[in-house]
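Okay, so here's the structure we're looking at.
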Amino acid sequence: MKIAHLADLHLGYRAYHRVTARGVNAREADVSGAFRQAIERVIALAPDLVLVAGDVFHTVRPSNSAIADAFRQFSLLAVSLPDVPVVVIAGNHDSPRSSDTGNILTLFREIPGVVVVAEEASAVHLEAVDASVLCLPHNALTAGGETLLEPDSRARHNVMMLHGTVGGSVAEQKLRYVSEYGGATVHDTQIGPQRWEYVALGHYHIATELAPNMWYAGGIERTSTNIWLEAGGPKGFLLYDTDTSRITFYPLDTREVLDLPRFSARGMTAAEVDEAIRTAVDGVTGGVAGKIVRQVITDLDRQRVRDLNHRRIREWKAAALHFHLDARPPEVRRVSASGAPLRRQTLDEQVENFLLREWEPISPLIQRDRLVSLGKQYLQRTGKDA
Ligand SMILES: [Mn+2]
């Protein structure tokens, strides 16, 4: 049996202020384009089963255009592969906190062949392929109470799909950073990948193997809170063949995101800093036009930021989809982070950690990543020790 495994589509994600010729946010259009490509590839691959491991939408209340887009693509998939079941679970991004809000994903149940599990853990039996898919959407993992994670002995194929963070020593080594907040954690011993033919994971945005038959598919575009951490690798989806235990990653054509190598401006004049930035930008193959680019410069105080060649920086900003010159002043005040003796937090990091981990947004419309970058901008403007 061949299983196509997609996750973290984040349809309706928006960032920056560029719009397409049709007035759509450029990044929303990118994500939509990546999904279109993914569906096209899946149709061409004609797997026996399609799994979507959560975060179909970026928000609990996506825009009408995002909903229409998703409906169109899932319908196309169903029409093109009429005998192939499609199982979708909800992730933390598309699960409302209150169950009476209702989940938009349930709309896709109207499409023949599409099964949606949005709230409770549920084993979906698929006659067509004689498979049982144990589905653990985000809310099933946060609801508390024990869910029995047992394969269905009557089914020929047993697959598990969950949206959350996997705990355990292997996962902790491989998931290099906690990129996604608000997810539930399941320990790998609870899952027991050896008991399943395949375990399809969603939530972590980089395609990652936790066991030969247990993978995060990663997102189809870069929509994490900190996209710079996923700048390097490709985005795409997976195809797992249960007969050969072989996994294949299918990369998608996505917009380039470049985190230029950071450097310290200690002891440099503004002109020298200018020169270093120019060298970095000139070194970008194909130039920065249309790309998402960041240059972090540490130990750069406000005075020298003011003296930079802003005309040229504006040109890069105009050419790129997003060009972020992230000038970080010398760190004067450092505070030890609790529970991490070797790690010292800067004020910037404290603000980031607070806004991302501790603070509860008062409205789902608040985009945490934008709030963090605003917070950092304000810190910088104080010209103090941010
Ligand atoms: Mn996600």
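The values are calculated or read from the model by the stated rules, or taken from the named source; none is laboratory data. Predicted model, so just to flag it, every value in this text is computed and none were measured. So basically every Cβ, Gly included, is an ideal-geometry build from the backbone, and we count neighbours across all protein chains shown.
A quick yes/no check of all residues on (1) loosely packed, with under 12 Cβ neighbours inside 10 Å; (2) under 27 Å from the mean Cα position of the chain (by Cα):
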site	(1), (2)
Phe237	no, yes
Thr254	no, yes
Ser264	no, no
Gly286	yes, yes
Gly290	no, yes
Val305	no, no
Leu308	no, no
Ile313	no, no
Leu321	no, yes
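Exactly one condition in (1) in contact with a strand residue (DSSP E or B) (Cβ under 7 Å, 6 or more places away or on another chain); (2) away from the ligand (no atom under 16 Å from the Cβ); (3) more than 28 Å from Pro112 (Cβ to Cβ); (4) not hydrophobic (A, V, I, L, M, F, W, C) is not met by Thr208; state its number.
(2)
Got a number for residues in region 124-149 being part of a loop (DSSP other than H, G, I, E, B) and either outside the structural domain of Thr244 (by TED's automatic domain parsing) or touching a strand residue (DSSP E or B) at 6+ places or on another chain (Cβ under 8 Å) (or both)?
As a first pass, look at region 124-149 and keep what is part of a loop (DSSP other than H, G, I, E, B): 130, 137, 143-149.
From what's left, either outside the structural domain of Thr244 (by TED's automatic domain parsing) or touching a strand residue (DSSP E or B) at 6+ places or on another chain (Cβ under 8 Å) (or both): 130, 137, 147, 149.
Qualifying residue count, region 124-149: 4.
List the strands (runs of 3 or more DSSP E) that sit entirely inside region 219-295 and contain at least 3 residues that are touching a Ser or Thr at 6+ places or on another chain (Cβ under 8 Å) and assigned by TED's automatic domain parsing to the domain that holds Arg314.
It comes to 257-264.
Of the numbered conditions (1) part of a loop (DSSP other than H, G, I, E, B); (2) closer than 21 Å to Ala38 by Cβ, Arg97 fails exactly one; give the number of that condition.
Result: Arg97 passes all but (2).
For residues that are of a type in the set (Gly, Ala, Ser) and more than 27 Å from Asp48 (Cβ to Cβ), scanning just region 4-35, find the one that is nearest to the ligand (Cβ to nearest atom).
Looking at residues that are of a type in the set (Gly, Ala, Ser) and more than 27 Å from Asp48 (Cβ to Cβ), I get Gly12.
I'd like to check something: does region 54-66 contain any residue that is within 15 Å of the ligand (Cβ to nearest atom), small (Gly, Ala, Ser), in contact with a Phe, Trp or Tyr (Cβ under 8 Å, 6 or more places away or on another chain) and within 30 Å of Leu365 (Cα to Cα)?
Restricting attention to region 54-66, the residues satisfying the condition of being within 15 Å of the ligand (Cβ to nearest atom) are 54-60, 62, 66.
From what is left, the residues that are small (Gly, Ala, Ser) are 54, 66.
Of the ones still in play, those that are also in contact with a Phe, Trp or Tyr (Cβ under 8 Å, 6 or more places away or on another chain) are 66.
Adding the requirement that they be within 30 Å of Leu365 (Cα to Cα) leaves 66.
Yes: one or more hits.
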